[in-house]
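Each remark here refers to the structure printed beneath this line.
The values are calculated or read from the model by the stated rules, or taken from the named source; none is laboratory data. What you see is a predicted model, and the numbers here were worked out from it, not measured in a lab. Glycine gets a Cβ as well: all are built from the backbone with ideal geometry, and neighbour counts include every protein chain shown. Just so you know, the surface numbers come from the protein's heavy atoms only, side chains and all, with ligands and any DNA or RNA stripped out. Shrake-Rupley method; radii C 1.70, N 1.55, O 1.52, S 1.80 Å.
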There are 2 protein chains.
Amino acid sequence: MSKPSIPQGTRDFSPVVVRKRQYILNTLRDIFELYGFQPLETPAMENLVTLTGKYGEEGDRLIFKILNNGLHEKKEQDKVKLNEEWDKVLSRPYSSPVVTERALRYDLTIPFARYVVMNQNELAFPFRRYQMQPVWRADRPQAGRYREFWQCDADVVGSTSLINEAELLCIYQSAFHQLQIPVKIKINSRKLLAALAELCGTPEKMIDITVALDKLDKIGWDGVTKELRERGIEDAGIEQISKVISITGDNQAKLEQLSTLMANTPIGLEGIGELSTSLSYYSGLADAGWGGTIEVDISLARGLNYYTGVIVEVVCDSDKVKMGSIGGGGRYDDLTGLFGLKGLSGVGVSFGIDRIYDVLEQLDAFPAQLASGAKVMLVNFGGENERYAISVLKQLRDAGVAAELYPDVAKFDKQMKYANKRAMAYVILPGDEEREKQLVSLKNFATGAQQMITLQECVDLLK
Amino acid sequence: MSKPSIPQGTRDFSPVVVRKRQYILNTLRDIFELYGFQPLETPAMENLVTLTGKYGEEGDRLIFKILNNGLHEKKEQDKVKLNEEWDKVLSRPYSSPVVTERALRYDLTIPFARYVVMNQNELAFPFRRYQMQPVWRADRPQAGRYREFWQCDADVVGSTSLINEAELLCIYQSAFHQLQIPVKIKINSRKLLAALAELCGTPEKMIDITVALDKLDKIGWDGVTKELRERGIEDAGIEQISKVISITGDNQAKLEQLSTLMANTPIGLEGIGELSTSLSYYSGLADAGWGGTIEVDISLARGLNYYTGVIVEVVCDSDKVKMGSIGGGGRYDDLTGLFGLKGLSGVGVSFGIDRIYDVLEQLDAFPAQLASGAKVMLVNFGGENERYAISVLKQLRDAGVAAELYPDVAKFDKQMKYANKRAMAYVILPGDEEREKQLVSLKNFATGAQQMITLQECVDLLK
């Protein structure tokens, strides 16, 4: 028999990892609920036609498709047709519904849009939903990139109020504050990027400009200049861009300078106004004691084909951590239009669960007690002592203390080895003396210190 | 554009449903943790070879297989080979790794066994794990049967101690007690079923006998007699079976009668001894105030090819509910042997999450507050009043009250309609008077009663 394995790019989550992941998900869930967001879960399988064409050509390639069942039970005369369909699978990326009509969820956004359209008559708009589920992509696996990974999204659809932008910024602030991750939230507007392209005299080149600008961190201004030239921006335009991205100061100072530089572009002034209003709502809602920063950053780009207003991105702001963005989002105008429901504006943010996990590991910021689960094990000395141990076990659990009894009457060393491997904080030794005196001996596994105490004292100590 | 839909047999879980499901899962998770069980999560995709042949021929048919990616990018000369492989997909149920090498998880048991074998050197045995994840089966969808549904399993492997059986019975007891579902736990041993076949003089017909007995509830003793005859059991044997299943009294009385009837079958006495010990451990651990019952039931059969010792099943014990078993399990001897690790005994139980959900609905036993999430909405009167509303909103959330502000300055009726649809318990009306007096008007949505109070009074009332 060959050794069992799991598919490339997938992971088993061991107990310690599950607990740490639950810690992240529970922290986020509690915040979403506090902010009045509603949970949604959609099926892992969607109809392939729901997903196809929504993620670009590359996305279509990476969708995991599910083979229709019962193909081998088809009648002989149907097999000619099946073979024709098979040819389609081999020759086109879009496959054939006779061979595959279902596929695995590729993100949470398209299923959300599909759900909203299907349930538009029952939903209360504005609809504020959060969703935390795995998605699957047939990407080439590499460090930090998996074929099964979790997404976590929060969106508000059916409202154009900038209070929504502010609420989502507060959710970011609150989440990273509670998770104790120092972050910088970058904020921009697609409208400022459009205005920038107008200032260059090339409104049609907005995407070229932003793709180049997006690399500022990596290749510096000289690199960006070179790329802008290659993309056909004139020197006068580059001069304009240089002025805009050179603005300094706090957010208010930046917005004032932008108002001057973009005084003649209505779309720019609109974007500046929206940023200003969002930040003003935000400062009314946010926690003043928060350590993180929020910063207007005109070079922030993010999936331009999709967003239409404010865009945001979160990066970890610590020397100890090297990591790309751990969250991002923005306003979009017509997501549900893909499925026939026009004119429903929305704004959303997502949390990169796997990256947040890695950041917490690097910062050593997971709560210590997540490691072991039950923190006390009762040693099993058998016979009368086993019966006594069981009564102690029951009373500990009745008091809410997570506890376990070693189930077999094994050698003491073997039982202690188990307790050690399970990272137990304490063991209880219910032997003859303890049973006769109706006491428990509690041993601190780290220090080796041992004391014989009443059960109530033991409960108080363990709680 | 055609109307969007989801695949047959799958479900979207709306906010109310997600909250109710979370309530079930959280209740179970807390109990597992209290009992020292450890969480495990495995990937949705397994290698097809891991799953094939583990669930019988019918199971193989129902596994969802994933089409390999990039098939349409193969070179022309590879397509001959691909077409040959495609023929295999059409002609055999076991498919072809060139066309499909991955499949969706079909249950939690095989991935658990696979995980234990892969991680045997790191794990602390006995390994107590719980797992709550969706599984997928290409069954024909019907009422209560889905193609994507959740399983929840708890197992202990690496220990033959009957304390484990007792612990799992206590977990059942504790779970259904907390969920407020009245249940009967039926318990039996595969060894008693083997003894019964011996008593009939046909030890090789154990499965025939149990398959017939399993129908006692449905077809009555006359029906069972008929089926036993058809399956080749002599009248003398049927007489023996009749005696055994006619035993009455409490569990101890039943076990005593069985000891007499099976006095000459060593395997029967072994089974009786194991049941007796398990029940004795159970009574030491279980909550005496529990309303449910645990009952030795010699007609209980359950997946015989798999189990080797104690078997259990849970049914809802209420006139209001018609439902099959909502949980079951038992001891098995060689699960990990499938993947090359021999001799690891285990015992496990599972919870039928979807059925438990339906039972809770039928009993109307879900906690009332799960419905709406946030229980208060602030009406948005715009301008100065909006600013005041935001400050109230912030203070409510700081005090831990889940709250939301209607984000747009919409007509009053529209905002109230939203609050009603969202099943809000309260609305807050932050108007001119409230703002000037720095008070809030809190309106009970059900009674219509409205009072103007301080923010602190409002917080106290809402918490």
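Here are some notes:
- Pick from region A:170-189, criterion touching a Gly at 6+ places or on another chain (Cβ under 8 Å) and either hydroxyl-bearing (Ser, Thr, Tyr) or surrounded by fewer than 24 Cβ atoms within 10 Å (Cβ to Cβ) (or both), ranking: farthest from residue A:323 (Cα to Cα): A:189
- Residues in region A:1-47 that are aliphatic (A, V, I, L, M), open to solvent by 10 Å² or more (accessible area, probe 1.4 Å) and in a helix (DSSP H, G or I): A:16, A:17, A:25, A:34.
- Of the residues making up region B:283-329, those that are within 14 Å of chain A (Cβ to nearest Cβ), open to solvent by 20 Å² or more (accessible area, probe 1.4 Å) and in contact (Cβ under 8 Å) with a residue 12 or more places away in the chain number 3.
- Candidate set: region B:57-67, residues that are within 24 Å of residue A:48 (Cβ to Cβ) and open to solvent by less than 20 Å² (accessible area, probe 1.4 Å); chosen: the one farthest from the chain's Cα centre (by Cα): B:67
- Residue satisfying condition, being touching a Pro at 6+ places or on another chain (Cβ under 6 Å) and either open to solvent by less than 20 Å² (accessible area, probe 1.4 Å) or within 11 Å of another protein chain (Cβ to nearest Cβ) (or both), within set B:388, B:418, B:406: B:388
- Considering B:124, B:143, the condition of being free of Cβ contacts under 8 Å to residues at least 24 places away in the same chain and over 30 Å from residue B:343 (Cβ atoms) is satisfied by B:143 alone.
- Boolean, residue B:382 is open to solvent by less than 20 Å² (accessible area, probe 1.4 Å) and on the phi > 0 side of the Ramachandran plot: yes
- When restricted to residues that are in a loop (DSSP other than H, G, I, E, B), open to solvent by less than 30 Å² (accessible area, probe 1.4 Å) and touching a helix residue (DSSP H, G or I) at 6+ places or on another chain (Cβ under 6 Å), region A:196-254 contains 2.
- Residue A:365 meets each of the listed conditions (1) assigned to a loop (DSSP other than H, G, I, E, B); (2) more than 10 Å from chain B (Cβ to nearest Cβ); (3) more than 30 Å from residue A:154 (Cβ to Cβ) apart from (3).
- Failed item in (1) open to solvent by less than 30 Å² (accessible area, probe 1.4 Å); (2) within 13 Å of chain A (Cβ to nearest Cβ), with residue B:440 passing the rest: (2)
- Scanning region B:42-52 turns up no residue that is in contact with a Lys or Arg (Cβ under 6 Å, 6 or more places away or on another chain) and at positive phi.
- Being open to solvent by 30 Å² or more (accessible area, probe 1.4 Å), aliphatic (A, V, I, L, M) and modelled with pLDDT of 95 or more is a property that does not hold for residue B:258.
- Residue within region B:28-47 that is more than 8 Å from chain A (Cβ to nearest Cβ), farther than 30 Å from residue A:459 by Cβ and free of Cβ contacts under 8 Å to residues at least 60 places away in the same chain present: no
- Pairs where the first residue, in region A:345-357, is closer than 16 Å to residue A:37 by Cβ and the second is of a type in the set (Val, Ile, Thr), C-beta under 6 Å, 6+ apart: A:346/A:157; A:347/A:156
- Hey, residue A:71 at the interface with another protein chain (Cβ under 7 Å from one of its Cβ atoms), closer than 21 Å to residue B:44 by Cα, buried (at least 19 other Cβ atoms within 10 Å of the Cβ) and free of Cβ contacts under 8 Å to residues at least 40 places away in the same chain or not: no
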